[in-house]
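Structure first, commentary second.
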Amino acid sequence: MSRTSVVQLGVALLLSGATCLAQAPGALEPRILPAAVKPGPAVMPYVKVPAGSVVLTHVRVIDGTGQPGQSDRSVVLAEGRIVQILDATAPLPADARVLDLSGRTVLPGIVGMHDHLFYIGRPDLDAAGTSEPPLMVPEMAFTAPRLYLANGVTTLRTTGSVEPDTDLNLKQQIDAGKIPGPHLDVTGPYLEGPGSPFVQMHELRDAEDTRRTVAFWADRGVTSFKAYMYITRAELKAAIDEAHRHGLKITGHLCAVTYREAAALGIDDLEHGFFVNTEFDPGKKPDVCTDSDGDDTLAAMDPQGDAAKSLIADLVSHHVAVTSTLPVFEQGVAGHAPLWPRAMAVLTPEAREAYLYLRNRTSSASAEQRARRAQTFQHGLALERAFVAAGGLLIAGPDPTGNGGVIPGFGDLREIELLVEAGFSPEQAVRIASLNGAIYLGLQSRIGSIAPGKDADLLVVKGDPSRTITDIENVELVFKDGVGYDPAALLRSVRGRYGEY
Ligand SMILES: [Zn+2]
């Protein structure tokens with residue numbers, strides 16, 4: 001789960017005192033959402049509806065703002081943008097290709113905010129859940145971008161990289177129309193201190209090493225950063241200051257540093273909802289990660305109690321966003337929803353076996369353990385609701401690592417279902433997974449909701465998720481920059497490969 005996330009770079013960085021120009025806010029827009037180009041020959045097999053004047057008619061629209069859906073609409077697209085949303089009885093542009101999508105719902109493309117491009121390998125995993133060191137996270141450069149796009153994720157943040165150059169090259173090739181995939185906010189390598197089980201991560205030596213690491217990767221072109229579990233306060237401070245100097249945001253999956261400490265230092269976002277705050281873990285020492293990893297703090301925190309209220313008020317007043325990653329925590333709950341057949345089909349046989357071992361192990365935990373996990377999960381759900389109720393910006397992503405039970409794209413849809421389980425309305429859940437992420441990225445004038453003038457980044461699902469949330473799984477068509485992609489073709493191309501490459 002969360003500690004199964006990842007890592008970094010490895011390397012010998014540079015010591016050149018490279019100077020970097022601080023970027024003006026807004027400078028990220030052309031980098032994350034560059035002008036669209038025509039899909040090239042390797043992408044064309046996945047295109048179902050070429051860009052042009054297109055009308056999606058007789059659809060239900062859930063627009064991403066959190067407002068109730070509107071039925072029987074026409075969504076008019078042209079030149080990669082959304083032009084109009086009309087009543088389906090209104091006259092349509094004469095030259096448009098009209099798709100009658102009765103019985104379907106159109107939603108904004110998902111903005112996935114914890115959407116890794118790797119898998120977690122557990123060498124020699126056995127049925128008892130034991131594997132051998134080192135823990136590795138093989139890069140899924142082929143499968144992950146396709147899995148995201150096939151499931152309606154049109155923009156994502158990688159939220160920690162193990163092969164930052166690969167991720168940057170992938171982004172460039174996707175943007176050039178050479179391979180299919182979403183828009184990427186490439187996060188730099190994990191900023192991690194010594195002690196991590198992940199063998200691919202660079203171990204930060206001190207604050208100065210942290211500053212140089214951030215400067216190096218900012219110059220290479222990453223557009224965000226992520227601090228990790230063993231980073232200290234001094235190193236985190238250096239990372240935050242250097243990232244901000246480059247006009248970039250930084251998030252953290254923290255452990256040695258508590259949520260309040262990170263908020264005071266100026267962090268922009270905290271990963272994993274309220275699941276990894278170590279503030280009240282027994283024996284917590286400054287700058288040292290706990291064994292409990294925040295679990296004890298969450299178990300003890302009454303979501304309606306004073307400690308929760310005070311923490312949430314602190315985060316909101318510091319404008320710290322929180323990223324909900326419920327699918328990865330759901331894996332720890334006995335009897336949780338199994339993977340859908342469509343999702344199982346993309347796993348390698350080894351990944352499927354690992355998933356089934358670990359799923360079985362979760363369900364055969366002691367009654368006491370199962371009860372505690374169920375309870376902490378409920379606390380996590382309730383705290384995310386309380387954070388939003390207090391005015392906090394909740395964003396979302398599945399964290400596809402763990403045991404194979406969380407898969408790129410499929411996990412993003414499962415996250416929306418779990419937000420509904422947490423008590424959000426379907427429309428609010430969609431907003432958390434789309435517009436809120438766009439707001440965090442400063443890209444809300446371009447993406448995140450369905451409105452005239454915005455990019456034609458959309459997904460079309462069969463059914464009505466506002467009545468039956470699981471209808472969100474029925475993705476039939478995904479538009480990115482006005483080009484309609486075929487989920488079935490994308491999924492066929494990665495069948496049996498997730499976990500391999
Ligand atoms: Zn992660």
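Name the residue that is nearest to the ligand (Cβ to nearest atom), counting only residues in segment 104-139 that are open to solvent by less than 40 Å² (accessible area, probe 1.4 Å) and charged (D, E, K, R).
Asp115
Given the options Leu383, Leu413, Leu419, name the one that is away from the ligand (no atom under 16 Å from the Cβ) and closer than 22 Å to Tyr498 by Cα.
Leu413
Picking from Asp287, Asp302, which residue would you name as being more than 16 Å from the ligand (Cβ to nearest atom), of a type in the set (D, E, K, R) and touching a Gly at 6+ places or on another chain (Cβ under 9 Å)?
Exactly one of Asp287, Asp302 is more than 16 Å from the ligand (Cβ to nearest atom), of a type in the set (D, E, K, R) and touching a Gly at 6+ places or on another chain (Cβ under 9 Å), namely Asp287.
Output the number of the condition that Tyr148 fails; it satisfies all remaining conditions of (1) in contact with a helix residue (DSSP H, G or I) (Cβ under 6 Å, 6 or more places away or on another chain); (2) open to solvent by less than 10 Å² (accessible area, probe 1.4 Å).
Only one criterion in (1) in contact with a helix residue (DSSP H, G or I) (Cβ under 6 Å, 6 or more places away or on another chain); (2) open to solvent by less than 10 Å² (accessible area, probe 1.4 Å) is unmet by Tyr148, namely (1).
When you look at Glu353, is it out of contact with any Pro (no Cβ under 6 Å at 6 or more places or on another chain) and buried (at least 24 other Cβ atoms within 10 Å of the Cβ), yes or no?
no
Filter the helices (runs of 4 or more DSSP H) completely within segment 204-266 down to those with at least 3 residues that are surrounded by 24 or more Cβ atoms within 10 Å (Cβ to Cβ).
Correct list: 207-220, 233-245.
Every residue, every condition in (1) in contact with a Leu (Cβ under 7 Å, 6 or more places away or on another chain); (2) hydroxyl-bearing (Ser, Thr, Tyr); (3) more than 27 Å from Met44 (Cα to Cα), yes or no:
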position: Thr89; (1), (2), (3): no, yes, yes
position: Val106; (1), (2), (3): yes, no, no
position: Gly109; (1), (2), (3): yes, no, no
position: His114; (1), (2), (3): no, no, yes
position: Asp126; (1), (2), (3): no, no, yes
position: Ala144; (1), (2), (3): yes, no, no
position: Ser161; (1), (2), (3): no, yes, yes
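If His272 satisfies all but one of (1) open to solvent by less than 10 Å² (accessible area, probe 1.4 Å); (2) more than 16 Å from the ligand (Cβ to nearest atom); (3) not basic (Lys, Arg), what's the number of the condition it fails?
Here His272 meets the rest and fails (2).
Go through segment 425-459 and count every residue that is out of contact with any helix residue (DSSP H, G or I) (no Cβ under 7 Å at 6 or more places or on another chain) and outside any loop (DSSP other than H, G, I, E, B).
12
So Gly437 clears everything in (1) within 16 Å of the ligand (Cβ to nearest atom); (2) modelled with pLDDT under 95 except one condition, right? Which one?
Failing condition for Gly437: (2).
Tell me, which strands (runs of 3 or more DSSP E) lie completely within segment 98-203 with 1 or more residues that are at pLDDT below 95?
Here the list is empty.
Going by the conditions given, is Val328 over 28 Å from Arg361 (Cα atoms), within 21 Å of the chain's Cα centre (by Cα) and not in a loop (DSSP other than H, G, I, E, B)?
No; evaluated as a whole, the condition is false for this residue.
Mind checking which residues of segment 267-313 are in a loop (DSSP other than H, G, I, E, B), among the small types (Gly, Ala, Ser) and either farther than 18 Å from Val388 by Cβ or in contact (Cβ under 8 Å) with a residue 12 or more places away in the chain (or both)?
Gly273, Gly283, Ser292, Gly294
Which condition from (1) at negative phi; (2) within 16 Å of the ligand (Cβ to nearest atom) is the one that Phe424 breaks?
Result: Phe424 passes all but (2).
What are the pairs, 6+ residues apart or on separate chains, where a residue within segment 185-214 that is touching a residue at least 24 places away in the same chain (Cβ under 8 Å) has its Cβ under 6 Å from a residue that is of a type in the set (Gly, Ala, Ser) and open to solvent by 10 Å² or more (accessible area, probe 1.4 Å)?
Taking only residues 6 or more apart or on different chains, the pairs are His202/Gly10; Ala207/Ala234; Ala207/Ala238; Thr210/Ala238; Arg211/Ala238.
Given the conditions (1) within 20 Å of the chain's Cα centre (by Cα); (2) away from the ligand (no atom under 16 Å from the Cβ); (3) buried (at least 22 other Cβ atoms within 10 Å of the Cβ); (4) without any contact (Cβ under 8 Å) to a residue 60 or more places away in the chain, and given that Gln172 satisfies all but one, which numbered condition is not satisfied?
It fails just one condition, (3).
When you go through Leu394, Leu326 one by one, which is the residue that is modelled with pLDDT of 95 or more, within 16 Å of the ligand (Cβ to nearest atom), open to solvent by less than 10 Å² (accessible area, probe 1.4 Å) and of a type in the set (A, V, I, L, M)?
The match here is Leu326.
Which one of the conditions (1) open to solvent by 40 Å² or more (accessible area, probe 1.4 Å); (2) touching a residue at least 12 places away in the same chain (Cβ under 8 Å); (3) not in a loop (DSSP other than H, G, I, E, B) does Phe387 fail to meet, given that it meets all the rest?
Every listed condition holds for Phe387 apart from (1).
The values are calculated or read from the model by the stated rules, or taken from the named source; none is laboratory data. Here the structure is a predicted model, which means the values were calculated and not measured. Reconstructed Cβ throughout: ideal geometry from the backbone, glycine too, with neighbour counts over all protein chains shown. Note: areas computed on protein heavy atoms with side chains; ligands, DNA, RNA excluded. Shrake-Rupley method; radii C 1.70, N 1.55, O 1.52, S 1.80 Å.
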